[in-house]
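The values are calculated or read from the model by the stated rules, or taken from the named source; none is laboratory data. Model, not experiment: these values are computed from the prediction. Ideal geometry is used to build each Cβ from the backbone, glycine not excepted, and the neighbour counts take in all protein chains shown.
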Amino acid sequence: MGTSITKHYGIAGPVPFADIDVDCDNKRFLDAHIIRRWGSSNPHAATAVLSFDTFFDTISLGAMSSAASAREQALDLLTHFEEPWETRLGMAAEGFAGHGGAEDIGSRIWHALCNDLDALLRVGVLKHLEELPLFVEGVDRDITSDMTTRIAFGALADFTADMLVQYPEFTAGSHQTGVVERQVWDPSTLTWALRPVELPIVNGKPLLLVPAEWVRSTLLLNARRFYETSVLSYAQGEQVVFDAHGKPLRTPKYELKRQEGLARGRETNREVTLRADRDGQDLLAIFRGFVAERLELAKRAAA
């Protein structure tokens, strides 16, 4: 059993930050979509969402641009991620370090934006950073969490600064903070910048605090969930037939999964989403609505 943040500092709970193990990776992940849902009521979330959207817009426009300079700038932005180990979130073996480093991940996303995802970008279906895992092979919860952390680092540093004021235990006794220089996304200049931030130091390593509501064990928007709900439901509609009484007869989803072109995977997600768009249906918008509805139901059940 590891040592949680509150145990290490002697802080009595409950606390507004994720109370995770200070010494090792935690199988928890920063979820950009849940942060987006907090954006209208939380200033730190609003700052994070601004960072997500300006970053994604910049690389998307670069990918669609015919100007070499814009494309080079966008690719460069994607290859300058750093391993965000300060949060202790995720699993290092599945994050940037475990997939050949940030440059390899950035190149993979760039290739997808310029090729497989180009049509989704141009028709305006793919709009947000957190939707990449639905379509890009190898980009799942850990990679997405690492990207989300790095892009939202400024907002997380501001949240940590608030927690240092709210909880004097972080600097009580032998506990110390330190000023470290970290790369953050600047939404005003649309560039990475270096910023000095004050963080708690645990066993010689900086600790970045994360709002508890922003952390999950799975991503709200994940490829399998999208496939099992919106993608297969649309495919059912494509193949629906009606009996003599006008009753719709839909092919069961387990049968659809065995059909050519409908096997579970990112390629199927992409192709069916494009077909739906040509048919006037935005599967991503439908999926976001489904996720919001389920979140609301879960919130009511927990109340």
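Can you tell which of ALA152, ALA172, ALA161 is under 30 Å from LEU132 (Cα atoms) and of a type in the set (A, V, I, L, M)?
One residue alone meets the criteria, ALA152.
Checking each residue in the stretch 204-227 for being within 13 Å of GLU86 (Cβ to Cβ) and out of contact with any helix residue (DSSP H, G or I) (no Cβ under 7 Å at 6 or more places or on another chain) picks out GLY204, LYS205. Within the stretch 262-274, residues that are more than 14 Å from PRO133 (Cβ to Cβ) and assigned by TED's automatic domain parsing to the domain that holds GLU238 have Cβ atoms under 8 Å from residues that are modelled with pLDDT of 95 or more and of a type in the set (S, T, N, Q) in these pairs: LEU262/THR268, counting only partners at least 6 apart in sequence or on another chain.
Identify all residues within the stretch 42-61 that are within 14 Å of LEU156 (Cα to Cα) and either free of Cβ contacts under 8 Å to residues at least 24 places away in the same chain or within 12 Å of the chain's Cα centre (by Cα) (or both); write none if there are none.
Scanning the stretch 42-61 gives PRO43, ALA46, ALA48, VAL49, PHE52.
Checked against (1) farther than 30 Å from ALA212 by Cβ; (2) surrounded by fewer than 16 Cβ atoms within 10 Å (Cβ to Cβ); (3) modelled with pLDDT of 95 or more, LEU113 passes all but condition (2).
A single member of THR229, THR218, THR177 is at negative phi, modelled with pLDDT under 95 and of a type in the set (Val, Ile, Thr), and it is THR218. Exactly one residue among HIS44, HIS33 is modelled with pLDDT of 95 or more and either among the hydroxyl-bearing types (Ser, Thr, Tyr) or within 22 Å of PRO200 (Cα to Cα) (or both), and that residue is HIS44.
So that you can scan it fast, the table gives a plain yes or no per residue for (1) more than 14 Å from TYR227 (Cα to Cα); (2) assigned to a helix (DSSP H, G or I):
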residue: LEU274; (1), (2): no, yes
residue: GLN281; (1), (2): yes, no
residue: PHE290; (1), (2): no, yes
residue: LEU295; (1), (2): yes, yes
residue: ARG300; (1), (2): yes, yes
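Output the number of residues of the stretch 135-171 satisfying the condition of being within 22 Å of PHE226 (Cβ to Cβ), among the small types (Gly, Ala, Ser) and assigned to a loop (DSSP other than H, G, I, E, B). Qualifying residue count, the stretch 135-171: 1.
Determine, yes or no, whether GLY246 is in the same structural domain as PHE290 (by TED's automatic domain parsing), out of contact with any Lys or Arg (no Cβ under 8 Å at 6 or more places or on another chain) and at positive phi.
So GLY246 fits the description; yes.
MET64 meets each of the listed conditions (1) surrounded by fewer than 18 Cβ atoms within 10 Å (Cβ to Cβ); (2) of a type in the set (A, V, I, L, M); (3) at pLDDT below 90 apart from (3). If you go through the stretch 183-215 and keep only what is more than 17 Å from ALA161 (Cβ to Cβ), within 20 Å of the chain's Cα centre (by Cα) and in a strand (DSSP E or B), you end up with GLN183, TRP185, ASP186, THR191, TRP192, VAL215. Looking across the stretch 116-134, the residues that are outside any helix (DSSP H, G or I) and either surrounded by 21 or more Cβ atoms within 10 Å (Cβ to Cβ) or not assigned by TED's automatic domain parsing to the domain that holds ASP57 (or both) come down to LEU117, LEU126. Only one entry in LEU89, LEU78, LEU50 is modelled with pLDDT of 95 or more and aliphatic (A, V, I, L, M), namely LEU50.
Taking the stretch 161-214 as the range and being within 18 Å of THR3 (Cα to Cα) and either touching a Lys or Arg at 6+ places or on another chain (Cβ under 8 Å) or of a type in the set (Asp, Glu) (or both) as the test, the residues that pass are GLU169, LEU207.
Results for (1) in the same structural domain as LEU208 (by TED's automatic domain parsing); (2) under 22 Å from the mean Cα position of the chain (by Cα); (3) at pLDDT below 95; (4) closer than 21 Å to ARG108 by Cβ, shown as yes or no for each residue.
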| position | (1), (2), (3), (4) |
| --- | --- |
| PHE17 | yes, yes, no, no |
| ASN26 | yes, yes, yes, no |
| SER40 | yes, yes, yes, no |
| GLU83 | yes, yes, yes, yes |
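Rundown of residues vs (1) over 17 Å from ASP116 (Cα atoms); (2) surrounded by 15 or more Cβ atoms within 10 Å (Cβ to Cβ), yes/no style:
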residue: ARG225; (1), (2): yes, yes
residue: SER230; (1), (2): yes, yes
residue: TYR234; (1), (2): yes, yes
residue: HIS245; (1), (2): yes, no
residue: ALA276; (1), (2): no, yes
